[in-house]
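Visitor: Quick one: structure below, then a few questions.
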Amino acid sequence: MNRAKLFENIKKIQSRIAAACLRAGRNPKDIVLVAVTKQVDPANIIEAHHFGLTNFGENTIQEASLKISTLKVEANWHFIGHLQKNKLNKAISLNFSLIQSIDSLELAQLLDEKLRPTGAIQNVLLEINIAKEPQKHGFDPQELPLVFEEISKLKNIKPLGLMTMGPEKENSEAMRPYFREAKKIFDSLTKKTPLEILSMGMSNNFEVAIEEGATMVRVGRAMFEGE
Ligand SMILES: *Cc1c(COP(=O)(O)O)cnc(C)c1O
């Protein structure tokens, strides 16, 4: 895609974020926009970085590795896909600023174990399967409080909050109850341990997610689609 179209897309997304914040009485500065760059041409990632974006999300370790090593832009890379146990060493070597998709206690424990000798502390989010869809990864909302407590005891990973995708609904309004439920869980956890990040909302529904309390949105197609 050409840079004019990309810049137009980014500006549009930023103004839609601002408008959603206005409706919700929130400050746009409190929303982090993560550009989801899976399958995006590296040249476009560099352009988005020139435009001022600094948070990029990838959903496979292989693609993330390729882009992080070749692009060398000053940026925060987020991992947002299902993390396989046999990719943990590689994931650690990539130094993600945030792994958003911790979806089992076993994965958290293994990651912690592998990090221990390095002394590094990895920031993570726990992924909730908010609609309890059998085909989706993530914790069951009911099990989350207990799991969160267990993961909080681990020394080399630091849970900063929650991430959810929610069911794929074309109609963004249909997502509202799921986002609201995720915010409720986030707030109840926050009573014990103040959390910073609630990552929810994608191209089709980020405005509703912001209205319901998202602090981070992950946008791909709305940014990178077009001629
Ligand atoms: C692809 C993806 C996104 C972005 O989706 P779009 O519809 O392209 O905005 C967000 N989060 C995760 C986990 C993804 O895999």
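Visitor: Which order do the peptides 16-24, 52-60 take when ranked by the mean count of other beta-carbon atoms within 10 Å per residue, highest first?
Guide: 52-60, 16-24
Visitor: Next question, about the same structure. Using the Cα centre as the reference, give the magnitude of the dipole from point charges on the C-beta atoms of the chain (Lys, Arg: +1; Asp, Glu: -1; all else neutral), rounded to the nearest 20 debye. Could the numbers behind the result be given before it?
Guide: Numbers: 30 positive and 28 negative charges, 86 e Å.
Its charge dipole is roughly 420 debye.
Visitor: Hey, another quick one. What are the GluC sites (Glu not before Pro) within region 142-208 that DSSP puts in a loop, where the Cβ has at most 15 other Cβ atoms within 10 Å? Present the calculation step by step, with values, prior to reporting the outcome.
Guide: Working: sites: E143, E149, E150, E168, E170, E173, E181, E196, E207; in loops: E143, E168, E170, E196.
Those that pass, being in a loop and sparsely packed, are E143, E168, E170, E196.
Visitor: Still on this structure: Quick check on my link table: of K29/K192; K132/K192; K12/K169; K11/K155; K158/K184, which ones sit more than 32 Å apart, alpha carbon to alpha carbon? Display every interim value, and only then the final one.
Guide: On the way: K29/K192 25 Å; K132/K192 24 Å; K12/K169 22 Å; K11/K155 40 Å; K158/K184 21 Å.
Flagged as over cut-off: K11/K155.
Visitor: Write down the Kirkwood hydrodynamic radius of the chain, to one decimal in angstroms, obtained as one divided by the mean of 1/r over all alpha carbon pairs.
Guide: On the way: mean 1/r = 0.0559 Å⁻¹.
The Cα-based Kirkwood calculation yields 17.9 Å.
Visitor: Something else about it: Compute the accessible area per residue over the chain, keeping the other protein chains in place, probe 1.4 Å, unit Å². It would help to have the intermediate numbers written out before the result.
Guide: Numbers: 11220 Å² over 227 residues.
Ligands and nucleic acids excluded, the figure is 49 Å² per residue.
Visitor: Would you mind calculating the relative contact order of region 3-224 from Cα pairs under 8 angstrom and at least 6 residues apart, reporting the percent as a whole number?
Guide: On the way: 388 pairs, mean separation 46.6, N = 222.
Computed over region 3-224, the figure is 21 percent.
Visitor: Among the trypsin sites (Lys or Arg not before Pro) in region 146-227, which ones are in a DSSP loop with at most 11 other Cβ atoms within 10 Å of the Cβ? Mind listing them? Kindly include the intermediate steps, with their values, before the conclusion.
Guide: Numbers: sites: K153, K155, K169, R180, K183, K184, K191, K192, R218, R221; in loops: K153, K155, K169, K191, K192.
Answer in residue order: K153, K155, K191, K192.
Visitor: Excluding same-chain residues fewer than 8 positions from K87, which aspartates and glutamates have a Cα within less than 15 Å of its Cα?
Guide: Straight-distance partners of K87: E58, E63, D103, E106, D112, E113.
Visitor: To the nearest 20 debye, what is the magnitude of the charge dipole of region 1-111 about its Cα centre, counting +1 on the Cβ of each Lys and Arg and -1 on the Cβ of each Asp and Glu? Before the final figure, lay out the partial values.
Guide: Working: 14 positive and 9 negative charges, 65 e Å.
Approximately 320 debye in magnitude.
Visitor: Hey, can you grab everything whose amide H is under 5 Å from the amide H of I157? Only 5+ residues off in sequence or another chain; H modelled, so Pro and N-termini drop out.
Guide: Q122
Visitor: Give the calculated FRET efficiency between E168 and E143 to the nearest 0.05, with a Förster radius of 30 Å applied to their Cβ-Cβ distance. Don't jump to the answer; show the numbers that get you there.
Guide: Numbers: r = 23 Å, r/R0 = 0.76.
Once the sixth-power term is evaluated, E becomes 0.85.
Visitor: Run through region 56-116 and list the trypsin sites (Lys or Arg not before Pro) located in a DSSP loop whose Cβ has at most 16 other Cβ atoms within 10 Å. Don't skip to the answer; put the middle values down first.
Guide: Numbers: sites: K67, K72, K85, K87, K90, K114; in loops: K72.
Taking region 56-116 and a limit of 16 other Cβ atoms within 10 Å, the loop trypsin sites (Lys or Arg not before Pro) found are K72.
Visitor: With charges set only on the Cβ (+1 for Lys and Arg, -1 for Asp and Glu), what does the dipole of region 133-177 come to about its Cα centre, in debye to the nearest 20?
Guide: For this selection, approximately 300 debye.
Visitor: Moving to a separate point now. What full-extension length gain, to one decimal in nm, is calculated for T70 and M1 as 0.36 nm per residue of separation minus the Cα-Cα distance? Write out the running numbers ahead of the final one.
Guide: Working: separation 69, 0.36 × 69 = 24.84 nm, distance 1.99 nm.
So the chain would gain 22.9 nm between T70 and M1.
The values are calculated or read from the model by the stated rules, or taken from the named source; none is laboratory data. Keep in mind that this is a model prediction, so the values were computed, not measured. So basically every Cβ, Gly included, is an ideal-geometry build from the backbone, and we count neighbours across all protein chains shown. Note: areas computed on protein heavy atoms with side chains; ligands, DNA, RNA excluded. Shrake-Rupley method; radii C 1.70, N 1.55, O 1.52, S 1.80 Å.
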